[in-house]
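So the structure is just underneath, and the comments pick up after that.
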């Protein structure tokens, strides 16, 4: 067992240091090319802004590495430093009922992880994001958001965890299937409830006042077959200057949410191009495809977990004195994160393909490639996005194609139509 445990340890470190190496490649590439203004951005960005973008990317990357080193150390100490064994044995010594034992096991770990993340969240929000002009939140609002998030997470996780543990007791041979159904059902229910129950606890939503924009959105969505229920403006500016827009709702009836920061920075044609892009995701069934693939993977993972949990191989591998279902969940999740790492670029590859398809759909729907291009330029400039990512880093981590690639493909679409 010692040999296999050493292999797991080495594989985990290999995953962690592969991430660090990719970040190093990305920073080195940025250092080499980051001072040059791409032709697509000439007249839209100056050298000072480009330097600011470079500094923002560098500072965020260094922060991510420091945060990762800290959390990696905590994980290794907990799993390989006998802490999980001591904690697990303590839970067993309490001799609580199964469901209550599960809650007592998981929730202190959840709260500990949340507390450990607080200094990093505060530093990123009030040091880095504030330094580069993004943060508009106050410490009081941050604390309010934090408390609300903890309360909501506690309630939801307590319900789901209790239901899941009850299923395991009630159906010891098929729990893997019923828990998968539970998670799927919970996800669908939350898609309906989140916009109406959770989001209003954090943000204020008011109808978009611009009648011309509203009419343009309704007309655009009618072309696609989407019924727009409401068009709201969200007060994102009380926390950040970043921009966004999104749909909520399942099926053809949608609520459209526009950040007030987006409305301030984009003209109507640019906003319509963004929404046409989102409509493209819906029309091409990208979200449905993602859901199907994710749920199939989750089902396979549940079944494999069920087979592994029938024995005590994980318990023996990590030298735990007591065999508990809860410890097996932690260990299986840890090994699963290692196994999932090589698939990261695969999933991101298909995600980037979907983004290009949505861009193409936006262009065909609006007949206006320039609005989408100007939107991408503005978003990249305003969000200080890296204009020069290393190709390998981008292929591994980027869920969206690099902005220069997206602009190039949009121009190619317009050129092909013209000829």
Return yes or no: is residue 14 part of a helix (DSSP H, G or I) and touching a residue at least 24 places away in the same chain (Cβ under 8 Å)?
-> no
So residue 28, is it touching a residue at least 40 places away in the same chain (Cβ under 8 Å) and out of contact with any helix residue (DSSP H, G or I) (no Cβ under 9 Å at 6 or more places or on another chain) | yes
Inspect all residues belonging to region 44-56 and state whether any of them is in contact with a helix residue (DSSP H, G or I) (Cβ under 6 Å, 6 or more places away or on another chain) and surrounded by fewer than 17 Cβ atoms within 10 Å (Cβ to Cβ).
-> yes
Taking region 300-325, which residues are in contact with a helix residue (DSSP H, G or I) (Cβ under 8 Å, 6 or more places away or on another chain) and either surrounded by 17 or more Cβ atoms within 10 Å (Cβ to Cβ) or without any contact (Cβ under 8 Å) to a residue 60 or more places away in the chain (or both)?
-> 301, 302, 305, 306, 308, 309, 314, 315, 318, 320, 323, 324
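Residue-by-condition table, conditions (1) crowded, with 20+ Cβ neighbours inside 10 Å; (2) at pLDDT 95 or above:
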{"position": "338", "(1), (2)": "no, yes"}
{"position": "360", "(1), (2)": "no, no"}
{"position": "365", "(1), (2)": "yes, no"}
{"position": "369", "(1), (2)": "yes, no"}
{"position": "373", "(1), (2)": "yes, no"}
{"position": "378", "(1), (2)": "no, no"}
{"position": "387", "(1), (2)": "yes, no"}
{"position": "398", "(1), (2)": "no, yes"}
{"position": "404", "(1), (2)": "no, no"}
When you go through 122, 96, 109 one by one, which is the residue that is surrounded by fewer than 16 Cβ atoms within 10 Å (Cβ to Cβ) and outside any helix (DSSP H, G or I)?
-> 96
Would you check which residues across region 392-419 are farther than 29 Å from residue 240 by Cα and without any contact (Cβ under 8 Å) to a residue 24 or more places away in the chain and list them?
-> 412, 415, 416, 417, 418, 419
Answer with yes or no whether residue 167 is part of a helix (DSSP H, G or I) and modelled with pLDDT of 95 or more.
-> yes
Which members of region 184-202 meet the condition of being modelled with pLDDT of 90 or more, out of contact with any helix residue (DSSP H, G or I) (no Cβ under 7 Å at 6 or more places or on another chain) and surrounded by 14 or more Cβ atoms within 10 Å (Cβ to Cβ)?
-> 199
Would you mind telling me which numbered condition in (1) out of contact with any helix residue (DSSP H, G or I) (no Cβ under 6 Å at 6 or more places or on another chain); (2) crowded, with 20+ Cβ neighbours inside 10 Å residue 350 fails?
-> (2)
Within region 130-142, identify whether any single residue is surrounded by 16 or more Cβ atoms within 10 Å (Cβ to Cβ), in a helix (DSSP H, G or I) and in contact (Cβ under 8 Å) with a residue 24 or more places away in the chain, and answer yes or no.
-> no
Out of curiosity, is residue 392 surrounded by fewer than 15 Cβ atoms within 10 Å (Cβ to Cβ), in contact with a helix residue (DSSP H, G or I) (Cβ under 7 Å, 6 or more places away or on another chain) and modelled with pLDDT of 95 or more?
-> yes
Of all residues in region 218-229, how many are without any contact (Cβ under 8 Å) to a residue 60 or more places away in the chain and loosely packed, with under 14 Cβ neighbours inside 10 Å?
-> 5
Looking at (1) assigned to a helix (DSSP H, G or I); (2) within 25 Å of the chain's Cα centre (by Cα); (3) surrounded by 17 or more Cβ atoms within 10 Å (Cβ to Cβ); (4) modelled with pLDDT of 90 or more, find the lone condition where residue 328 falls short.
-> (2)
Search result, residues across region 364-419 that are part of a loop (DSSP other than H, G, I, E, B), more than 26 Å from the chain's Cα centre (by Cα) and farther than 30 Å from residue 237 by Cα = 367, 419
If you check residue 275 against the conditions, is it at pLDDT below 90, in contact with a helix residue (DSSP H, G or I) (Cβ under 8 Å, 6 or more places away or on another chain) and either part of a helix (DSSP H, G or I) or surrounded by 15 or more Cβ atoms within 10 Å (Cβ to Cβ) (or both)?
-> no
Checking residue 35 against (1) within 30 Å of residue 170 (Cα to Cα); (2) in a loop (DSSP other than H, G, I, E, B), which single condition isn't satisfied?
-> (1)
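The values are calculated or read from the model by the stated rules, or taken from the named source; none is laboratory data. All values reported here derive from a predicted model rather than from experimental measurement. Because the Cβ atoms are built from the backbone with ideal geometry, glycine has one as well, and the counts that use them run over all protein chains shown.
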